[in-house]
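Worksheet: the structure to be examined is printed underneath.
The values are calculated or read from the model by the stated rules, or taken from the named source; none is laboratory data. For clarity, every value in this text was computed on a predicted model and none was experimentally measured. Every residue, glycine among them, receives a Cβ derived from its backbone with ideal geometry; neighbour counts consider all protein chains shown.
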Amino acid sequence: MFNSRSNPYEGESRQAVGPDPLEQPEFYDGITQKRILAYVVDFLICAGLGGLGFVLAGIMGIMSFGLLFAPMMALMALIPIAYHTFLIGSAKSATYGMRFAGIRVYRLDGGRPELMQAFVQSALFFLTVPPTSFLILIVCLFNLRRRCLHDILAGTLVLNIPEQE
């Protein structure tokens, strides 16, 4: 993804950190607002999947005389993590909300995240955001690359999708 113009550290022995926001602001323009839009779209999709899961859990609960209802409800908690993990770890490196907003997740060297990296990012998001009432996301306002805590810990970067793609 990053060409020689967008990777200021190419040929050097430094760790890759993605394009410089001062030299190439087009990768970061409006990224915070786009991430919020993507989250809202993904939330609605996961809510729909959760509704279908609830109906399925109810049917399975009735068919098993209540024995499968609790385990099915517990599995429903994994819907958002599975949704984000598999879509971020896919060839598009973005959830449907991210695609709608025009953003994508990258590794710091410009490649697409592997499935385990996507899982770490997703799990960290869902483990840190609800207990802090979204306050943890303020971290992105204090760094030039607009990385949230779960991005930093997972070694990922969310950027605008280049126009040539």
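Taking the condition farther than 21 Å from residue 34 by Cβ and assigned to a helix (DSSP H, G or I), does residue 116 pass? Yes, satisfied. Evaluated against (1) at pLDDT below 95; (2) in contact with a strand residue (DSSP E or B) (Cβ under 6 Å, 6 or more places away or on another chain), residue 105 falls short on exactly one condition, (1).
Taking residues in the stretch 83-107 that are on the phi > 0 side of the Ramachandran plot, and partners anywhere that are part of a helix (DSSP H, G or I), the pairs with Cβ atoms closer than 7 Å and at least 6 places apart or on different chains are 102/34. Listed by position, the helices (runs of 4 or more DSSP H) inside the stretch 31-90 whose residues that are under 14 Å from the mean Cα position of the chain (by Cα) number at least 1 are 31-63, 79-88. Quick check on residue 97: is it under 21 Å from residue 151 (Cβ atoms) and buried (at least 18 other Cβ atoms within 10 Å of the Cβ)? Yes; evaluated as a whole, the condition is true for this residue. Residues that are without any contact (Cβ under 8 Å) to a residue 40 or more places away in the chain and charged (D, E, K, R) were ranked within the stretch 113-150; the one that is farthest from residue 16 (Cα to Cα) is 114.
Scanning the stretch 124-165 for residues that are closer than 20 Å to residue 78 by Cβ, crowded, with 18+ Cβ neighbours inside 10 Å and within 13 Å of the chain's Cα centre (by Cα) turns up 124, 125, 150, 154.
Being over 30 Å from residue 138 (Cβ atoms) and free of Cβ contacts under 8 Å to residues at least 40 places away in the same chain is a description that applies to residue 53.
Of the residues making up the stretch 52-72, those that are aliphatic (A, V, I, L, M) and exposed (fewer than 15 other Cβ atoms within 10 Å of the Cβ) are 52, 55, 56, 59, 62, 63, 67, 70.
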